1. Just to check your reading of the model, which residue among A:Ala108, A:Ala103, A:Ala78 is in contact (Cβ under 8 Å) with a residue 60 or more places away in the chain and touching a Phe, Trp or Tyr at 6+ places or on another chain (Cβ under 7 Å)?
2. Among the residues of the range A:26-50, count how many are in contact (Cβ under 8 Å) with a residue 60 or more places away in the chain, more than 10 Å from chain B (Cβ to nearest Cβ) and surrounded by 19 or more Cβ atoms within 10 Å (Cβ to Cβ).
3. Out of the residues in the range B:32-65 that are open to solvent by 20 Å² or more (accessible area, probe 1.4 Å) and of a type in the set (Val, Ile, Thr), state the one that is nearest to the chain's Cα centre (by Cα).
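The values are calculated or read from the model by the stated rules, or taken from the named source; none is laboratory data. Keep in mind that what you see is a predicted model, and the values were worked out from it rather than measured. Cβ placement follows ideal geometry from the backbone for every residue including glycine, while neighbour counts extend to all protein chains displayed. Heads up: the accessible areas ignore ligands, DNA and RNA and are worked out on the full protein's heavy atoms, side chains in. Shrake-Rupley method; radii C 1.70, N 1.55, O 1.52, S 1.80 Å.
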Amino acid sequence: GESVGLHLPTLSVQEGDNSIINCAYSNSASDYFIWYKQESGKGPQFIIDIRSNMDKRQGQRVTVLLNKTVKHLSLQIAATQPGDSAVYFCAEKTGEGKLIFGAGTRLAVHP
Amino acid sequence: DGGITQSPKYLFRKEGQNVTLSCEQNLNHDAMYWYRQDPGQGLRLIYYSQIVNDFQKGDIAEGYSVSREKKESFPLTVTSAQKNPTAFYLCASSIVTRAYSNQPQHFGDGTRLSIL
């Protein structure tokens with residue numbers, strides 16, 4: 001089986017509940033942030049992005065919040081479904097144009 | 001459908017052998033990237049290319065080589081000099097409109113490389 005999700009923090013939620021996945025980023029000069037979803041054995045899938053001049057951005061069932069004061073990013077998933085089970089990770093783009101990826105959080109959705 | 005195709009999905013390498021991982025995209029993206037993913041770690045950049053016939057080393061380029069002869073293709077060779085090659089390798093591409101453009105990278109479904 002795939003082992004990319006081993007040793008990651010896990011968030012367990014009931015189907016239908018809202019999920020909040022958090023990410024602390026490292027560089028105060030980072031100006032662009034991305035959330036990805038990675039299912040077992042697959043590549044990361046783009047979910048949503050946000051630029052540093054915004055605090056909040058909404059997509060379909062997902063919302064990203066950016067708090068630049070404490071360098072914190074969160075992904076909110078509304079009405080979580082079994083198909084949302086995956087590893088979620090954030091990426092920040094530094095002032096030098098480099099993308100830095102977090103290790104991720106495993107989301108487990110229980111019926 | 002447009003996308004990024006990586007092949008093979010699984011690859012095994014013998015001691016002293018070089019192996020090449022394929023990455024092809026039909027998204028008309030200028031930039032392409034290779035990352036390595038290890039359990040419990042964030043993606044680490046191996047090489048990237050923003051234009052044909054040009055590429056730069058990433059954070060962990062030692063033991064790897066690339067070429068960019070066509071816009072659509074960015075193959076990665078894992079050489080025998082890479083002593084710990086077992087990992088999940090991901091190729092990505094993105095639009096480049098100008099320096100430090102804010103565009104997401106889109107990924108293929110990876111190649112899992114193991115040592116025999």
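1. Values: A:Ala108 fails: touching a Phe, Trp or Tyr at 6+ places or on another chain (Cβ under 7 Å); A:Ala78 fails: touching a Phe, Trp or Tyr at 6+ places or on another chain (Cβ under 7 Å).
Matching residue, one of A:Ala108, A:Ala103, A:Ala78: A:Ala103.
2. Looking only at that region, the number is 1.
3. Per the stated criteria, the residue is B:Ile60.
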